[in-house]
Amino acid sequence: MLKKADMHGRKPSQNNCSLWGIACIVGIGRTLVLGEQEGVDMEPNSSVHSEHCDQQVFMRKWNSSSLFHPQSAPVFLLNPQGEFIQANFKFKEVFGAQIIGRHYHEVMHEEDISRADEIFLRTLKGETVTADGMEFQCPEGVRFYQITTMPMFEGEVVNGVFCIVLDVTEHKMAEEALRRSEAALRLSLHIAGLGKWEWDIRHKSIHLSEEMYVILGLPQDSTKEEIFACWERVHPEDLAQFNLTMKRLLEGHPSSVRLRYHHPDGSVRHLEMMGELLSDERIRINRLIVTTRDITETVENEEKLRNSEELYRLISENSQDFITLSDANGCIYYVSPGVRHLLGYEPEEMMGKQRSFYYHPEHRKDAEMPPGKDMHIATVRCLHKNGHYVWIEVSTKLVCDEKGNMTKQLGIGRDMTDRMAAEEIVLRSEKLTLTGQLAAGIAHEIRNPLTAIKGFLQLLDGGFPLRKDHVAVMSSELMRIESILNELLLLAKPHELKFYQRDVNQIIHQVVTLMETEANMKNVVLSFWPWEGSIPVACDENQLKQVFINFIKNGMESMPDGGELYVHTEIRDQKALVTFKDFGTGIPEDVLARIGQPFLTTKEKGTGLGLAVSFSIIENHNGTVMVKSELGKGTVFTVQLPLAK
């Protein structure tokens, strides 16, 4: 048993025991137990704490008091071993009627047992202890209680602990919810980059969040005066608006303002503030809460965007070209004013229509975006408002989102009428020049055999007999004239082509086999490197053979002392490629620029029609011929043909 020591060092009087019992039952009992808790100090009182009572007197008071009233707060008695020896109706209602005889550990949450033991031991030593938020395990679940413990004396010995508990579960849960809410708010403000400051007008205090200190450039140990002084850094041109906003806030009107702020680091920051006054006289709240965001980067980006839009507007409205914007389906929703002088339409007239509506039917396919591309340039004829067509160079750019999906199409149209007219003049001039060159070539090529024939005819007219060899020469010259004329006819008007699907590798193999004997005679090594697998193309087989034979012959003739000639086939970008590479004399640059023209040749006995006919045949197959050459190192002819579908 523990003896109670007087707080002032005096030995307690036995006559005070009934006073303590009456204080517990009548004073605290009426105030806390009967539910009249308001205004009672639960901390130890020196005048009460210094008294003690006889347990038997207290027990009689207990049993005869109103502690068992159904509306009373839960109260109970513990013996020095921590076991329940008495409890009122309210405590048994919450914890069960079988609570008597059980240890208090059995109703405490395990995390609060050590704390409860400390309180129990302090009470056994004579202290009155009040503790908040003690967690109890009730049959209905966890509840939080404020508990007050007072020692029970038998003579001078503490022989029990009297406890009063007050249910604070709802208050505890509200505090926890408020704590979580405030934590979530702090996290949200941090993520959003928002600063928050609260001005308690009643108590004249101000509180800033960590982000707010950073935004204002203030150290976190700044005084209230230093915080209020920072608003002197508001830009002079924005000060009146800032003061007006503060006035509206204090009048109870939620308001916002954008202002410039001279940061202590020397920079000018753009801030956005939004605030509201919380005012309620009933609960004595009069607080101004303001969130602040540094929008400097946003304002600068907005300024850049405005400048960019202004520049775009100036270019768009004053350009001689016209600009269109259409959606992913090609429906026009913007047209620049430049369309007026090019096509005669007002911009509003074209909006809502498909871009393809204005293309000539023959050119609609040319204006389509090739697969896999995001930019395309095509020269097409566009419909003028007056009904005629105008040549326009249309440049189209696809605009995609971050996922790569097309969202719009940007089109720029440029008048090509004058350029097309100039090109037509140049083309006609080139045709006339080519016609003159062709006529000169024909005259040159035919004059030589005609000269020989004319000479023999003059001999015959003079009475000289013609020998058999003279007739043979005239016949040979006539055949030469016929050959030239046939090649000219083929060049000018090719015969009807009959396309069939053939394997390029097989055609080349047949040509190489045919030419191997001639190559051996000229000391040329003819090698064929085929593509692994077939290369199907739609073609006139005989004409392709004529082209390939011509390229191989040219390669062998460029190497009069012999050498190597390679033929290689492959597939690249859905095209069939046939390459002929020799190591001969090469072609001069001035000739290379005009290669493929009729009668252009570097051979002593060549007509210059072979390459012209070959280029024409490949062009009729929707193919191209590319030539690379370097003097003294050789020449490469590459034929490109579309694969058969």
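Taking the range 533-577 as the range and being farther than 22 Å from Asn520 by Cβ, of a type in the set (A, V, I, L, M) and crowded, with 18+ Cβ neighbours inside 10 Å as the test, the residues that pass are Ile535, Val537, Leu544, Val547, Ala576, Leu577. Scanning the range 191-220 for residues that are in a loop (DSSP other than H, G, I, E, B), farther than 21 Å from Leu250 by Cβ and at pLDDT below 85 turns up just one, Gly193. Comparison of Met406, Met375, Met350, Met369 shows that the only residue that is in contact with a helix residue (DSSP H, G or I) (Cβ under 7 Å, 6 or more places away or on another chain) and more than 20 Å from Asp418 (Cβ to Cβ) is Met350. Ile618: of a type in the set (A, V, I, L, M) and modelled with pLDDT under 90, yes or no? For Ile618, the condition - of a type in the set (A, V, I, L, M) and modelled with pLDDT under 90 - is met.
Whether any residue in the range 534-549 is at pLDDT 90 or above, over 19 Å from Val625 (Cα atoms) and out of contact with any Phe, Trp or Tyr (no Cβ under 7 Å at 6 or more places or on another chain) is what I want to check. Yes, the range 534-549 has at least one match. Among the criteria (1) surrounded by 14 or more Cβ atoms within 10 Å (Cβ to Cβ); (2) under 26 Å from the mean Cα position of the chain (by Cα); (3) part of a loop (DSSP other than H, G, I, E, B), the one Pro370 does not fulfil is (1). Where strands (runs of 3 or more DSSP E) sit wholly within the range 229-295, those with at least 1 residues that are closer than 22 Å to Arg202 by Cα, aliphatic (A, V, I, L, M) and assigned by TED's automatic domain parsing to the domain that holds His203 occupy 268-280, 285-294.
On the stretch given as the range 83-125, residues that are in contact (Cβ under 8 Å) with a residue 60 or more places away in the chain and of a type outside the set (A, V, I, L, M, F, W, C) total 1.
For the range 101-134, a residue qualifies if it is modelled with pLDDT of 90 or more and either part of a loop (DSSP other than H, G, I, E, B) or not assigned by TED's automatic domain parsing to the domain that holds Glu83 (or both), and the qualifying residues are Gly101, Arg102, Lys125, Gly126, Glu127, Thr128.
The values are calculated or read from the model by the stated rules, or taken from the named source; none is laboratory data. Worth saying up front: this structure is predicted, and the values here are computed from it rather than measured. Heads up, the Cβs are rebuilt from the backbone with ideal geometry, glycines too, and the neighbour counts pull from every protein chain shown.
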